[in-house]
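Single-structure report; data block below.
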Amino acid sequence: MLSGAYGTRFFSDIFVLALTVGEQELRRRMAEGRGITDTVWIQSSLDYDRYFREHDNIEGVPYDTLEVSGLTVEEAAREVGRWALSKLS
C-alpha cells in the first residue's frame, strides 16, 4: 500500500515516523482530550498504536517510532524535527 502509493515515484526515499503513546495514555487522551467514548473507535486506535510499537515496517517499508507519552507538544515537535534532520544525511 505505502510503497505502491502514486506519489512515491516523485521521491528517492520514503521515511516514516510513527508517534506512539501506549495504551493507558492513549485512552486518557482520547477520553479527556477529545471526549471520545465510542469503545470500537478507542479499541481500533489502541490496536493501531500497538501495531507500530510491535513492528518495524509497513509492507516492507521500514519506519521509526517515537514514544511521546511523557513529552509536551513542544518537546515532541522538537524530537520530530531532530528525526527529520537526521534523515537528510
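A residue that is in contact with a helix residue (DSSP H, G or I) (Cβ under 6 Å, 6 or more places away or on another chain), assigned to a loop (DSSP other than H, G, I, E, B) and either hydrophobic (A, V, I, L, M, F, W, C) or open to solvent by 80 Å² or more (accessible area, probe 1.4 Å) (or both) cannot be found anywhere in segment 17-33.
Taking the residues in segment 58-89 that are touching a strand residue (DSSP E or B) at 6+ places or on another chain (Cβ under 6 Å) and at pLDDT 95 or above as candidates, determine which candidate is most open to solvent (accessible area, probe 1.4 Å). Lay out the reasoning, then the answer.
Taking segment 58-89 first, the residues touching a strand residue (DSSP E or B) at 6+ places or on another chain (Cβ under 6 Å) are 63-68, 79, 83.
Next, only the ones that are at pLDDT 95 or above stay: 64-68, 79, 83.
Details: 64: 57, 65: 74, 66: 30, 67: 89, 68: 12, 79: 65, 83: 54 Å².
Filtering first and then ranking leaves 67.
Would you confirm whether any residue within segment 42-57 is outside any helix (DSSP H, G or I) and either in contact with a Phe, Trp or Tyr (Cβ under 8 Å, 6 or more places away or on another chain) or touching a residue at least 24 places away in the same chain (Cβ under 8 Å) (or both)? Yes, that holds for at least one residue. Only residues that are surrounded by 12 or more Cβ atoms within 10 Å (Cβ to Cβ) and within 15 Å of residue 18 (Cα to Cα) were counted across segment 34-55, and they come to 9. Among the residues of segment 5-29, the one identified as modelled with pLDDT under 90 and under 19 Å from residue 47 (Cβ atoms) is 22.
The values are calculated or read from the model by the stated rules, or taken from the named source; none is laboratory data. Everything numeric in this text was worked out from a predicted model, so none of it was measured. Note: ideal-geometry Cβ built from the backbone for every residue, glycine included; neighbour counts use all protein chains shown. Just so you know, the surface numbers come from the protein's heavy atoms only, side chains and all, with ligands and any DNA or RNA stripped out. Shrake-Rupley method; radii C 1.70, N 1.55, O 1.52, S 1.80 Å.
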